[in-house]
Every structure is written in structure tokens, then in C-alpha cells.
Amino acid sequence: MPPPAYRRVLLHGAEPSKLVALLPNEGITPRPFHPGSCYLEKDEVAVVLADEAVVAHMGQAPPGDLGEGADRLGVVATAHLPRATDAFWKARHHFSLPEGAEHEHAARAVRSVFRTLEERASAARARHQLAERTEQIQALVEVGIALSAETDPRRLLEMTLTRARGLTGADAGALSLVETTEDGDRLRFVLAQNDSIPNLDVVEQTLPIQESSLAGYVAKTGKMLNLPDVRAIPPDAPYRFDDRIDQKHGYRSRSMLVVPLATPGGRIVGVLQLLNRKRRAMPDNTATTAFIRVEVVPFDESSEDLVRTFAAQAAVALENRRLTENIQKLFEGFVSAAVTAIEQRDPTTSGHSERVARLACGLAEAADRVSQGPLAPVKVTWEDLRELRYAAVLHDFGKVGVREHVLVKARKLPPETYLLMESRFEQAILSAAAEVWEQAAREGWSQKKVAEAIAGRKGILDRAWHAIRRADEPSLLQAEIGEEVAQLAEMRFRDASGADTALVRPEEVALLSIPQGSLSALERKEIESHVTQSFRFLCKIPWTPDLARVPDWAYAHHEKLDGSGYPRKLAADQIPHPVRMLTISDIFDALAARDRPYKKAVPHDRALDILRAEARRGKIDPDLLQLFIDAKIYETALANV
């Protein structure tokens, strides 16, 4: 690569026309010398011709902020430099010519110093470019790592735009994403930043992917646009610049770089717009328009290369985030379908899982806000809430493996058993009537006595049947009902074949003697098995590390602090706080939700009384229950359900 061409500037005090005339092919531009204002452009080298007019000023003050230009300035003295001259000038003093020296000698000296400065500047520029490229590569690596690590969608967008602006020195920028709608792909404007307008208020909006707009053109063609001045777009270009924000805020948009965010497969996922590349950082309290007129420069090839690489990284990060969101939606759909499958088997519990999830998460958030007392150490992160929600929503999924007649059993007697018993009682009534008529025939009873005998036998059977119906209700067994059920086991009748048969069979007596609820010991064991089946099902799902506790939390939702729960009879120290929250929420909703075939819904205050009794017996966490009551979680969490 040929060495870069530098513009040569001769800083002087007196008119150097003769000297410049002796250097006709050197490309020298004379410029009057002013102390404190020797600013050099990055492609300029300068020689200060220290004649008498310049020497008179050189001791007053060194040049102003030269930035990187300090090493590109040298001094050729044609007058005596006083000892008091600042060290800045002495360090750049190359030649001292005697007073009255010929112009030819001064010309050779100036030419020689220019060559020395150019060689030095070229070496410095190479070192600077290498250092700059190294910093850019390091920055790209860091940006790539940061983009890959960011999981929050909004922070990812903000980081993408902020880092792109930082890499190029852009004063402002905007980010748009391609989204698929029923009408085809559109470009959604999602984010804008502007250092000169800190409180920039931009509303999200969509626009068609058409070549008439800058972002639409880039999204449609996949080509980068580098515009030195957006107000000077050629008339034959298909796109135009929208200056509405400029007009609203008094801003002056000039240089712009519009870059497609394309995945390795070529899919355009968005468009990045970088605006007004700044030469230096914008000073505070500077009028925006005036600053831009002086400080804004076009985006160079280095900026293009840098942003092109960055855009590829950002596109991959955004695409990965989109795929992650799609997977999340897919999983949410699967969870919803799983819950629907449960609820379709038992429609009376419809909504239970979602309500329990809301209650448990609401209680967890309330516990996280507690700053003192027994619950102060309980802290719940966003990841904890996600795990708790999934555990709550899926805690009953194992019920899909429970036989339906057990799952929805409304009475102690199965329907088919009830019908058989009802038929047996009808047969017993007929049999009792037949026995009365037989006895009446043998003993010559009157019709009145026959009728009274039949009515008496039927009354006994009717009372027995009413006792069965009362005992069949899934409630606490009353003493008198228990005695009646025990007496039923002694009753017998003559069946259709004439055989003496028990009116109520032993297994039916056992069912009617269930002390609480509607399930027998075997049926209750089958219902309780849903916890283990839920755990086995959830263990089949390849949970990510941040959701790894979902199976265990769902597995423990029927455990009690006193070790009386099921299926593992865990002790209190084995039951984490999220599971305790889930347990309280599950019990409350089971009590207070709508009527079920085997029970009536109870009012909230009655449900809370039952929970308090459970806490007094050491079965559930009393502190969490009190917070559940005090914070009215059952009202706030279910307000919109």
C-alpha cells in the first residue's frame, strides 16, 4: 500500500511568497501563524517558519489542542529563538538558519523537514491504525460476548444500538425489526437514541418494506447505504430522507449509515441506522445545529467495515433471541395444552392450575418485599418466579393417569354400585310383600293387616335406603349414620332365586363408612399417585438450568411441614419456601373455588379459617399464611380472573 498523501501547510508570520515560489511542486499551502490555533487535520503536516514575526509570539503560548497533530508539526527558524521559548517549540525545532540566509537554503530546510514529518507521521499513523484496529477487534469480541449473553429482549435491542453508536462515534441512531404480519413482512421501528436530544420521544410504528424509505430500501435490497449528507440525496435515488424528527426537535441530520442486519443465511431481521458521526465528543450545552455544521463528518470505510461485522453479530443475537422467544411460545403452548388435557378430564376444576399459579406467584412477590421478620431472608428472583409458575401450572398434570371414575367421583358409592343397590332394595320390597302375602294366606290375615304388614316392611327398607343416601354424601360421618350403616350389614332379603341374601354387601358398607370425602383408601391412594406421576412426566422434559427445580417443586406440593404429607412425607427443612407457597395456594383454591361434585365451595373467610387450623396443627407455614391473608393475595392475584 503506498504511503498516505499529506497536505503540507506552511505556518508563517510574514508573507512567504518567495519561499513558496521556490517549492512549486511541493503542494505547500501557506497559512498565517496564530499562537493557540495551530489545529491540524489528520491528513496535514505543518512547518512553522519561525521568522521574526513568529518568534515574537512563540514564547507567549504554545499551539492549542493539536490532538494527534502534535507530532506532525516542525520548526525551521530563520530568526533567533529566545531561551524562554516553551519546551513544546524546542522539541520540534529542526533547523536554525542564520539571519539573512538565502531563500534557497530555507526552501531546502523546509522541504527536508516536511519529508521528516511525513515519514514520522506515516509511522505514527500505521501504529495508530494498528492500535485502533486492535481495539476495534477487541471491542467486537466484547460486543459479541455481551450480545450472546443478554437474555432480556429490550436490553438486547438497547445494547445493539448503543454499542453500534459507540463503535462509530454516531450522535444518534435507530433500530427497526422485520416482523411478519397477515399482510406480509413489515418493518417495525422499535428504538431510537440521540445524544443531542436526551428525552427523544419516538412512538413505535410499522412501515411497509418499500424502497421509498431509507430503512425500507436497505431491508428490501440488503444493501448498505452510506450517505455523507441526507439532505443531498441524488434526485434519481428511489429513497428519500424523512425529516419530521429534525423539524420537531430543531435537529440537523447529516451523515448517515444504514446497515442491514442479516443472518448468515441471508435473512434480513432488521435495519440499523447510525446518524451524524462525530469527530469528537459533543461538548455540553452546545447548540445542536451549530455543532453539527462544524463537527459531524461522513462515515468512512473503516466505519463501514466495523459496522458490517457488528451487524452480522447483532443479527445472529437477535435471531437467536427470536428463536428463543418462539421456543418459549411453543413451550407455553405445550403447557397450555397439557393443562387443557387435565381440565377436560375434570371440567369442574377448570382454571384451577392457572389460579394456583397466580396465587403462588403473588405470594412469592409479596414475600420478596418483606424487609423484616421471619420472612425477611426470603428473596425471590425473576427466575424463581418462572420456576414457581411452571411448577404451579403443571402440579396436577399426573391426574391424566388417574381413572376418570375415581378422578370425578362425586359420592362414596360408584354410580354403578348405587344403581345395583337401588335395584336390590326394589327387589327387597317386592320380596317383603311376597313374604307377607304368603304368611297372610297361611294364617288368614285380613286385607287391613296385610296392608299394614307390607307398609311396615317397606318402611324399614325405605329408612334403610335413606340412611344409605345420607351416608353416601362425601362429608364427615355422623354418629347416627354410622350406626345405621352398621345395622345395614345385618339386613337380609330373599332374592329372585329365593336365596337368602345380604341386603348391603360388606364392600358397600365399607364404602359408606368412609369417614371423610368420597374416596376409599385404594381410591385415595390412586388419586395421591398423581403427584408421583406428575413428577415422572416433568422429569421427561429437558429443563434448562434456570428451570431445573420445576419437577421437584411440583412433586412436593402435597407435603406438610409436620411430615404427614405425601408421597414422601418430607420434613419441614426439606420443603423450600416456594413449595410452601404453592401448597397454601393449592389448598385455598381447592376450598374456595366453584362447586365440585364431591364438595361445595366455601366462602373465603371459611377457607382462611380452615387454613389457619392447618397452620396451628403445624402442617403449613404460618408466616406465609399470615402474609397471604394480610396482603389479600386471594383478591389481588385473582382480580382479573
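For residue 453, which of the numbered conditions (1) open to solvent by less than 70 Å² (accessible area, probe 1.4 Å); (2) in contact (Cβ under 8 Å) with a residue 24 or more places away in the chain fails to hold?
(2)
In segment 182-191, is there at least one residue being within 17 Å of residue 277 (Cα to Cα) and either at pLDDT 90 or above or in a loop (DSSP other than H, G, I, E, B) (or both)?
Within segment 182-191, the subset within 17 Å of residue 277 (Cα to Cα) is none.
No, there is no match, as no residue in segment 182-191 is within 17 Å of residue 277 (Cα to Cα) and either at pLDDT 90 or above or in a loop (DSSP other than H, G, I, E, B) (or both).
Could you please give the count of residues in segment 492-521 that are surrounded by fewer than 16 Cβ atoms within 10 Å (Cβ to Cβ) and on the phi > 0 side of the Ramachandran plot?
Result for segment 492-521: 1.
At pLDDT below 75, open to solvent by 50 Å² or more (accessible area, probe 1.4 Å) and not basic (Lys, Arg): which single residue out of 119, 211, 135 fits that description?
135
Report, by residue number, each residue of segment 254-272 that is surrounded by fewer than 23 Cβ atoms within 10 Å (Cβ to Cβ) and within 34 Å of the chain's Cα centre (by Cα).
Listed by number, the residues that qualify are 262, 263, 264, 265, 266, 267, 268, 269.
What are the pairs with Cβ atoms under 8 angstrom where one residue, in segment 328-341, is under 13 Å from residue 537 (Cβ atoms) and the other, located anywhere, is assigned to a helix (DSSP H, G or I) and hydroxyl-bearing (Ser, Thr, Tyr)? Sequence gap at least six, or different chains.
335/390; 339/353
Among the candidates 309, 340, 324, single out the residue that is of a type outside the set (D, E, K, R), within 19 Å of residue 544 (Cβ to Cβ) and open to solvent by 50 Å² or more (accessible area, probe 1.4 Å).
One residue alone meets the criteria, 324.
State which residue is modelled with the highest pLDDT when the search covers only segment 469-489 and only residues that are part of a helix (DSSP H, G or I), surrounded by 14 or more Cβ atoms within 10 Å (Cβ to Cβ) and of a type in the set (A, V, I, L, M, F, W, C).
The qualifying residue modelled with the highest pLDDT is 471.
Of all residues in segment 86-102, count the ones that are surrounded by 15 or more Cβ atoms within 10 Å (Cβ to Cβ) and in contact with a Leu (Cβ under 9 Å, 6 or more places away or on another chain).
5
Here's the yes/no breakdown for (1) open to solvent by less than 20 Å² (accessible area, probe 1.4 Å); (2) farther than 17 Å from residue 299 by Cβ; (3) among the acidic types (Asp, Glu):
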{"position": "160", "(1), (2), (3)": "yes, yes, no"}
{"position": "168", "(1), (2), (3)": "yes, no, no"}
{"position": "191", "(1), (2), (3)": "yes, yes, no"}
{"position": "199", "(1), (2), (3)": "no, yes, no"}
{"position": "204", "(1), (2), (3)": "no, yes, yes"}
{"position": "218", "(1), (2), (3)": "yes, no, no"}
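Take the residues in segment 222-253 that are open to solvent by less than 40 Å² (accessible area, probe 1.4 Å) and of a type in the set (Phe, Trp, Tyr), then tell me which one is modelled with the highest pLDDT.
239
If residue 228 passes every condition in (1) farther than 18 Å from residue 274 by Cα; (2) touching a residue at least 24 places away in the same chain (Cβ under 8 Å); (3) of a type outside the set (A, V, I, L, M) but one, which one does it miss?
The one condition residue 228 does not meet is (1).
Of all residues in segment 172-189, how many are within 19 Å of residue 154 (Cβ to Cβ) and open to solvent by 50 Å² or more (accessible area, probe 1.4 Å)?
Total satisfying the criteria: 2.
Which number in (1) without any contact (Cβ under 8 Å) to a residue 24 or more places away in the chain; (2) out of contact with any helix residue (DSSP H, G or I) (no Cβ under 7 Å at 6 or more places or on another chain) marks the one condition that residue 319 misses?
So the condition that residue 319 fails would be (1).
If you go through segment 326-334 one residue at a time, do you hit one that is outside any helix (DSSP H, G or I), at pLDDT below 90 and under 26 Å from the mean Cα position of the chain (by Cα)?
No - not one qualifying residue is present in segment 326-334.
The values are calculated or read from the model by the stated rules, or taken from the named source; none is laboratory data. Bear in mind that the values here come from a model prediction, so they are computed numbers and not experimental data. When we count neighbours, we look across all protein chains shown, and the Cβ atoms used for this are built from the backbone with ideal geometry, even at glycine. What goes into the accessible areas is simple: the full protein's heavy atoms, side chains included, and nothing from ligands, DNA or RNA. Shrake-Rupley method; radii C 1.70, N 1.55, O 1.52, S 1.80 Å.
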